[in-house]
2 protein chains.
Amino acid sequence: MRNIRLLLQYEGTRYQGWQKQVSTDNTLQGKMETLLTRMCGEPIEVHASGRTDAGVHAKGQVAHFHTDSTMSVEEMHRYINQYLPEDVAVLQVSEAAPRFHSRLNATGKKYAYQIINSEVPDVFLRRYAWQYPEQLDVVALRQAAAYLLGEHDFRAFTSLKKTKKSTVRTIHEIDIAREQDLLVLTFRGNGFLHHMVRILVGTLVEVGSGKRSPESVQQILCKGNREDSGMLVPAKGLTLLEVYYE
Amino acid sequence: MRNIRLLLQYEGTRYQGWQKQVSTDNTLQGKMETLLTRMCGEPIEVHASGRTDAGVHAKGQVAHFHTDSTMSVEEMHRYINQYLPEDVAVLQVSEAAPRFHSRLNATGKKYAYQIINSEVPDVFLRRYAWQYPEQLDVVALRQAAAYLLGEHDFRAFTSLKKTKKSTVRTIHEIDIAREQDLLVLTFRGNGFLHHMVRILVGTLVEVGSGKRSPESVQQILCKGNREDSGMLVPAKGLTLLEVYYE
């Protein structure tokens, strides 16, 4: 049986996230499986590197599926892009090692969160960025971000309550770049908990607008309470940029 | 009577262009006039630096209108953005000199045309860029563009037939930048004829894909026939970036 790897791009605006749900057929996994099942002539299950929530975008989501189809990867690529709606595109289709698993083998991920830091909306970024009118102090943002780097227990920065699974993760890099009114916060790490990037951004924004100190981020990490960290910022600002493998 | 100047941004996708039409109320001028008439409590006429065609975007369109309203420009700014749909935004509202005219006083304009030069669609740029799959040679594009710089009769590069008005224009700069699959062609000049940027791009693309030589552009200028120049490329790739005044 072949193992096929996909590199995917999607605008999340119209979808209820990646993961298939019983209550709706408007998920990216659901749409992909319907299409691939038709293409391969056999029931196909697609697995991605991780679920993205409703409204979250992806520029480099990785997924894989097993099939007995004899189509070439080039034929698959053309077929898939021909039938996908215009807010989803497959960038690459390739033959993967038999045991490759897009989620289990992922060693890290990179996300970007975009903020229009202006009182004036940006028409062209309205689907891909969150508008935040209060002026954000980039120096304070970077100071706070420095405390988040490295290995920490990020339980204060996730919406999941009481889990037996580890909430320890390593953030390798946080880049904060400003170009005019567009602020882009990029996070690279070995993995991210549910809602983690959006709560990190919500906390950083409170630092950047002077509502809390950069040092307070350290205390949030130590105490580990969700009540201490910042708000969950809107999904539309978040984009999964890249998934890393060995 | 006051003269108010507006700096406007819009995504052209949903509109039948800037200019008011009897056949449709779905124009940007029409939408703006309805809103400003309501705001000022008197019939308002808005004039822009130039009409943009259906589907063309603007990041820096300039417009002006006369009013007896006593609202401050800050109040106007808030009012307008509150009632505009999310694909239109006013970036600045300011008091202009009594004789300022957004079209008659304009000394130049800058446009960008975006091309996704790839067989793979780009989900995030699908509304703002034209996808052209054949690989384009940037060196050849730049060679051809050099012939277009300066003052020329651009009658071969407009859709308007037989006009008594001059078709002589000056192009000050053509910048051709490539970042991965995104090719951005920027044109700055003292004015542009109807469809001129899109026909220039259509001609350059034929040069870039080897269908005609860079030198042929010079002959098209000399002969002045629309039949010799390239195709009119789709509106969605075009954005009015800036309007210049003294």
Long-range neighbours under 7 Å by Cβ, at least six apart or interchain, first residue without any contact (Cβ under 8 Å) to a residue 12 or more places away in the chain within segment B:62-82, second small (Gly, Ala, Ser) and assigned to a strand (DSSP E or B): B:Asn81/B:Ala89
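Which residue is nearest to A:Tyr147 (Cα to Cα), if the candidates are limited to segment A:202-223 and must be touching an Asp or Glu at 6+ places or on another chain (Cβ under 6 Å) and in contact (Cβ under 8 Å) with a residue 24 or more places away in the chain?
To start, the set of residues in segment A:202-223 that are touching an Asp or Glu at 6+ places or on another chain (Cβ under 6 Å) comprises A:208-209, A:212, A:220.
Remaining after also requiring in contact (Cβ under 8 Å) with a residue 24 or more places away in the chain: A:208-209, A:220.
Values: A:Gly208: 14, A:Ser209: 18, A:Ile220: 10 Å.
By that ranking, first place goes to A:Ile220.
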From B:Val138, B:Val243, B:Val201, B:Val184, residue being modelled with pLDDT of 95 or more, farther than 15 Å from B:Gly108 by Cα, touching a strand residue (DSSP E or B) at 6+ places or on another chain (Cβ under 9 Å) and crowded, with 17+ Cβ neighbours inside 10 Å: B:Val201
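Being touching a Gly at 6+ places or on another chain (Cβ under 8 Å) and within 14 Å of another protein chain (Cβ to nearest Cβ) narrows it down to one residue among B:Gln114, B:Gln61; which is it?
B:Gln114
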Pairs where the first residue, in segment B:85-99, is away from every other protein chain (no Cβ under 14 Å) and the second is surrounded by fewer than 13 Cβ atoms within 10 Å (Cβ to Cβ) and not in a strand (DSSP E or B), C-beta under 8 Å, 6+ apart: B:Pro98/B:Met1
Pairs where the first residue, in segment A:30-49, is under 21 Å from A:Gly60 (Cβ atoms) and touching a residue at least 60 places away in the same chain (Cβ under 8 Å) and the second is in a loop (DSSP other than H, G, I, E, B) and of a type outside the set (S, T, N, Q), C-beta under 8 Å, 6+ apart: A:Ser49/A:Arg103
In segment A:8-31, the residues that are away from chain B (no Cβ under 14 Å) and outside any loop (DSSP other than H, G, I, E, B): A:Gln29, A:Gly30
A:Asp25, sole failed condition from (1) more than 23 Å from B:Glu119 (Cβ to Cβ); (2) among the charged types (D, E, K, R); (3) surrounded by 19 or more Cβ atoms within 10 Å (Cβ to Cβ): (3)
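The values are calculated or read from the model by the stated rules, or taken from the named source; none is laboratory data. Remember, predicted model here, so these are calculated numbers, not experimental data. Glycine also receives a Cβ, built like all others from the backbone with ideal geometry; neighbour counts cover every protein chain displayed.
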